[in-house]
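In what follows, a structure is listed as C-alpha cells, so that the remarks can point back to it.
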Amino acid sequence: MKRVIKLTLVSVTVALLSACSNMSAGNLFSHYSAQNNGVYQAVKTGQYEKAEQRLPEFVAGDVLDNLEKGRVQFLAESYQSSHSSFNDGDRAVRIQQDRATISVSDSAASLASLAVNDNLNNYYPADYELGFLHLYLGLNYLQDNDLEATTIEMRRANQVQERARQDRQSELESAQNSMKAQGISPNVGSVLSNYPDAGKTLQAVQNGYLLYLSGLMYETSRELNSAYVDYRRALAVMPDNPQIIEATMRLAKRLGMSQHLEQLIETYGEQQTLKDDQARVIVLQEQGVVEALQSWQLTLPIYDSRGDGALYSLALPYYANTTSERFSSMQLNGDRVTEYQLADVNLMAQRDLSERMPSMVIRQALRVYAKDQLRKEAAQGDDVVNLVFNLWNTLTEQPDTRSWQTLPGEVYSSGQAVTAGKQQIDVDGQQYEFNVEAGRTVLVWVSRQGGSATIWHKQLGRL
C-alpha cells in the first residue's frame, strides 16, 4: 500500500509540473533575480549590447521575457527588435486579459506551486509595468515617426492608469484626508483634475512620466483637450515640476480656461513665453535601473504532536534599502541642465510588492502545510524517503522575485528656452547635436545607466 501511495503522489506531482508552462530547472531551484542577474548587471553598468547578447530565450514566460527583451533592445538601439518584442509581450498580456475563466494550465500551475514554489504560477504584470509597456511601445512608434500610433499607445496607457487609480480610490482618499488633517492644502493639479491629493501615495500609483509624455504627444497631434487632461493629471502627481506647470498653463491659455488659468497663475506666477528668435528644448531623462527583488530565506524544523518533524524553508522577496545611483548633470550648449523628478519607479515597485505580500504569505503557509502532508503520506516512517523530501523542500522553496527589472529607477524632466539653431547636449562626455527652428519645440530622450547613455530627439513642432 505504501508503495502505491508513493507512486501515486509522484505521478500526480509529475503531471502537475509537466502541465506548468513556467516549469524549468531554473524556476525549480533558483529564482528570477538570480537567473536574470547577468542581464540586469549589464544594463546597470550601461553595457547595452552585452545585455542584449545575454538575453535568455525563456525564463519567466511570454509576458515578462518580452518586456525585458523590448527594453534592453530599445537601449541598445535595436529598435525593430524592440518593437517586435514589445508587441509579443502586449499580445501575451491580451491573451491573459481575454481569458474569462481560469484555464486548466492555470489550475495545474497553481497546484504545482503548492508542491514547489510560486515561480511556477503564471506571471501577471503589475499596473505600473503595463503602463510602461504602452509607454515604450509609444516611444518605439515615436522613434519611427509614427505620431498617430504613438497617441494610440498613450491612450491605452491612460486606460491602465485610470483603472489603477479607480482600484485604489478609497486608499488615495484616505491618504488625502490624513494630509488635510495635518493642515496640508490640496495642490492645484489635484483640484483641476479631480484627483485625490495623496502625495507619495499617488506617485506610487500614477506615473508622472507617462502622463506628461502623453500630454506632449496629444499636444503635438493637436488633440488639445486630451493634452490638457493629461497635463492636469500629471500636475496632480508632480505639482512642483516646472515642465508640467508650464505645459498646463500653456494649454489653459490656448483653450480659454480662464478660471483654471487664474488658479495656476495665483499658485505658480506668470510663465515666460518664447521670444521671436527662441525655441524650446524638453529633455526626458531616465536614470539607472529599478531595484531587483532580493531573496529572503529561513529554514526551520517543524514538528507535529507526535514529535515527527521535517525541515521547511520559508522564502519571500524583498527590496533592499539601497540609495539611488547619482549621475552628473547634463549640459545643454555648455550650461548645466536642471532636472526635476517625473517618476520614482522604485516607489511604484515597492508599492506593488507591499500590495502582493499578504497573498504571498498566505500561499507560503499553505505550501508548508501541503509539503508536510505530501511528506507524511510518502515517507510513513521511512527515513530515506523523509530525507529526500527534506532536501526537496529545502532546494525548491524559492521566492518569487519576478518583476520588470530593466526599467529605469527614476525619471526626470528638464526644459530650456534656447536661441534657435544648432544645439548640443553633453552627457558624461558623450555629445549629441540637433537643430531646432525658432518658435518650435524639440523633445530629447535620454536613458542613462552606468557611464553610458542612449540619446535621440524628435521635433514636436510649434506648441
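Would you confirm, using the coordinates I've provided, whether L332 is in contact with a strand residue (DSSP E or B) (Cβ under 8 Å, 6 or more places away or on another chain) and either within 30 Å of T419 (Cα to Cα) or at pLDDT 90 or above (or both)? When the stated conditions are applied, L332 passes them. If you scan the range 202-224, which residues turn out to be free of Cβ contacts under 8 Å to residues at least 40 places away in the same chain and not charged (D, E, K, R)? Hits for the range 202-224 are L202, G215, L224.
Based on what the data block shows, is Y212 at pLDDT 95 or above and under 22 Å from G131 (Cα atoms)?
yes
Any residue in the range 156-169 that is closer than 25 Å to V337 by Cβ, assigned to a helix (DSSP H, G or I), touching a helix residue (DSSP H, G or I) at 6+ places or on another chain (Cβ under 9 Å) and not basic (K, R)? Looking through the range 156-169, none of the residues is closer than 25 Å to V337 by Cβ, assigned to a helix (DSSP H, G or I), touching a helix residue (DSSP H, G or I) at 6+ places or on another chain (Cβ under 9 Å) and not basic (K, R). Q80 meets the conditions (1) within 24 Å of S313 (Cβ to Cβ); (2) at pLDDT 95 or above; (3) not small (G, A, S) in every case but one. The failed one is (1). Restricting the range 360-411 to residues that are of a type in the set (D, E) and surrounded by fewer than 18 Cβ atoms within 10 Å (Cβ to Cβ), the residue that is modelled with the lowest pLDDT is D383. Within the range 310-337, the residues that satisfy the criterion of being in a loop (DSSP other than H, G, I, E, B) and either touching a Gly at 6+ places or on another chain (Cβ under 7 Å) or under 30 Å from L366 (Cβ atoms) (or both) are Y319, A320, N321, S324, E325. Within the range 430-446, the set of residues being within 11 Å of A279 (Cα to Cα) and not β-branched (V, I, T) comprises N435, E437, A438, G439, R440.
Residue-level check: of (1) out of contact with any helix residue (DSSP H, G or I) (no Cβ under 8 Å at 6 or more places or on another chain); (2) within 26 Å of L284 (Cβ to Cβ), K180 misses just (2). If the condition is being of a type outside the set (F, W, Y), modelled with pLDDT under 70, out of contact with any Leu (no Cβ under 9 Å at 6 or more places or on another chain) and in a strand (DSSP E or B), then the range 292-309 contributes only G309. Scanning the range 63-80 for residues that are without any contact (Cβ under 8 Å) to a residue 40 or more places away in the chain, surrounded by 17 or more Cβ atoms within 10 Å (Cβ to Cβ) and part of a helix (DSSP H, G or I) yields D65, N66, K69, Q73. Taking the criterion of being at positive phi and of a type in the set (S, T, N, Q), the only residue of the range 314-365 that qualifies is N333.
Condition first: exposed (fewer than 11 other Cβ atoms within 10 Å of the Cβ), charged (D, E, K, R) and outside any loop (DSSP other than H, G, I, E, B). Now tell me which residues in the range 253-285 satisfy that. Hit for the range 253-285 is E266, nothing else.
Elements of the type strands (runs of 3 or more DSSP E) sitting completely within the range 416-457 and holding at least 2 residues that are buried (at least 19 other Cβ atoms within 10 Å of the Cβ) and under 28 Å from the mean Cα position of the chain (by Cα): these cover 421-427, 441-449. Among the residues making up the range 270-291, those that are modelled with pLDDT of 95 or more and under 24 Å from Q341 (Cβ atoms) are R280, V281, I282, V283, L284, Q285, E286, Q287, G288, V289, V290, E291.
Of all residues in the range 181-226, count the ones that are under 23 Å from the mean Cα position of the chain (by Cα), under 23 Å from M154 (Cβ atoms) and assigned to a helix (DSSP H, G or I). The qualifying residues number 15.
Screening the range 338-359 for residues that are among the acidic types (D, E) and outside any strand (DSSP E or B) and picking the one that is surrounded by the fewest Cβ atoms within 10 Å (Cβ to Cβ) gives E355.
The values are calculated or read from the model by the stated rules, or taken from the named source; none is laboratory data. What you are looking at is a predicted structure, and each value in this text was computed from that prediction instead of being measured. Note that each Cβ is placed from the backbone with ideal geometry, even for glycine, and that neighbours are counted across all protein chains shown.
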